Structure formats: structure tokens, C-alpha cells
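Read through the structure below, which is laid out as C-alpha cells, and then see the notes.
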Amino acid sequence: MSQGIMKRIAWGLFIVSFFTTPLVSAADAEDDDLYLGKYELVSPPQPTNSKDRVEVIEFFSYACPHCNTFQPILDEWLAKQTADVEFIHLPVVYHKTWLPLAKAYYTAEALEVQSKVHNVIFDELHNKRRNVKNEQGLAKIFKDSAGVDNATFKENFNSFYVTTKVTNANGAGQKYGITGVPAVVVNGKYRLSSELAGGYHNLLKIADYLIAKERKNLPTKAKADTK
């Protein structure tokens, strides 16, 4: 057999081998991942608040229209979560006009009125089209929706606690590699966006999958408490 024929046979065998051998990624090797390519890994993984719960963080801004669209979908999803899921909102500041809104979130946290003002701020900005990206406008929301007087609002809005929390939230966004909102991070390891997931409902479906995956690593008692 001529050397040319031998080369053609060898090349043909290589081509057959290349297309019939499965391409296995690192993620495939660890798990039969149903959503491979639909989320990103946080590098390096970030520590969570508790080893007994699966942590889920939403990076958002009240100023973001996409976050406003996501919020009712997120609320419905949150209502179905079990006690072993810890959910955290983290407001980001990509523009100076977003700063008062991030401060408003942590002011609500300090005064324990998140449930009364969180969705109202979204509604005022995006549905009623009112300019509340300032201390005065936000103070009115807190007074009308949660009964917080102006002096109490101002004291907390400009407090060291709120300033520190906003700074830490922005630092966390950088550590998690957040470049746009809304974005969701599961247990410090997995970063999700609607673009990669294919929509907000799919994002939360993938979040459920990753939560279940991380739940397997929880202590036995934590698992039992959710049943």
C-alpha cells in the first residue's frame, strides 16, 4: 500500500474519532448538568453567610426597568421557597442617581419596613413615572407607605450604617463579577442572568436546580428542618 493511501486512511480515522468522541467539559465531569452554558461560575467562589442554608442574592437597582419587570416574578418565586433558602437583595450603584435609591433600600432595612416600601419604590418610579431619586421624594414614600416621619427617615438615610451597607454592596458586586442587573447568584458559586438563561422564568428555574444541587451539601439537620 502506498504511503499516500496510508496517510489518507490515517486522516479518515482521525476525523471519525474526532466526531464520535464526546466533548466533556469540567462541569460535565462533575455532574450531568441540565443547564450547562445557561449560567456562569463565580471565580473565585464567594463565602456565604451560613453553612446551614443555601444563599441566593439578587443584585438590583430600583432605577433599573428590567429589575422592575423581574420583581413580581421574583416575589412569586420567593413565596415558594423553603426555610433552608436565605434570600438577600443587594442594591448596586452604576450611576450617581442610583445612590439615593440604594440608600433607601438600607434605610428600609434599618427601620424594618422593607415589605411596606420595596415594591412601592418600583411602582413610583416605573409605573407612576414620578421622580423619587432624591431624599425628599423617598422620604415621602416612607411617610405615606410606612408611617416613618421625616426626621427618622433623614437620620437613618444619612447614617453610617446605611453608608457602610451601600459601600459593601457595591464591593460585593465587583467580587461576584456583576456587570448588569438584575443578576442572581446562588450560594456564592453560580451567576445567573436573564440573557444567558433565556428569560426571567428560566432564570429562576435554573436557580431552583442549583439550589437543589447545593442543598445536598447542607448539614443533615438543615435538610431535615425543611421537610
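The numbers here are math on the coordinates, done by the rules we state, and not lab data. A quick note: this is a predicted structure, and the numbers were derived from the prediction, not measured. Heads up, the Cβs are rebuilt from the backbone with ideal geometry, glycines too, and the neighbour counts pull from every protein chain shown.
For segment 211-221, enumerate the residues that are assigned to a helix (DSSP H, G or I) and over 19 Å from A79 (Cβ atoms).
K213, E214, T220, K221 - these are the residues of segment 211-221 that are assigned to a helix (DSSP H, G or I) and over 19 Å from A79 (Cβ atoms).
Table: residues versus (1) surrounded by fewer than 17 Cβ atoms within 10 Å (Cβ to Cβ); (2) within 30 Å of F160 (Cα to Cα).
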{"position": "P44", "(1), (2)": "yes, yes"}
{"position": "D75", "(1), (2)": "yes, yes"}
{"position": "T82", "(1), (2)": "yes, no"}
{"position": "K133", "(1), (2)": "no, yes"}
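If you take just the helices (runs of 4 or more DSSP H) that sit entirely in segment 130-189, which of them hold at least 2 residues that are within 19 Å of A108 (Cα to Cα) and acidic (D, E)?
In segment 130-189, the matching helices (runs of 4 or more DSSP H) lie at 135-146.
Given the options F157, F122, name the one that is within 20 Å of the chain's Cα centre (by Cα) and closer than 23 Å to L99 by Cβ.
Only one candidate passes the filter, namely F122.
With the structure loaded, tell me whether E55 is closer than 23 Å to Y161 by Cα, among the charged types (D, E, K, R) and crowded, with 16+ Cβ neighbours inside 10 Å or whether it fails that test.
The answer is yes for E55.
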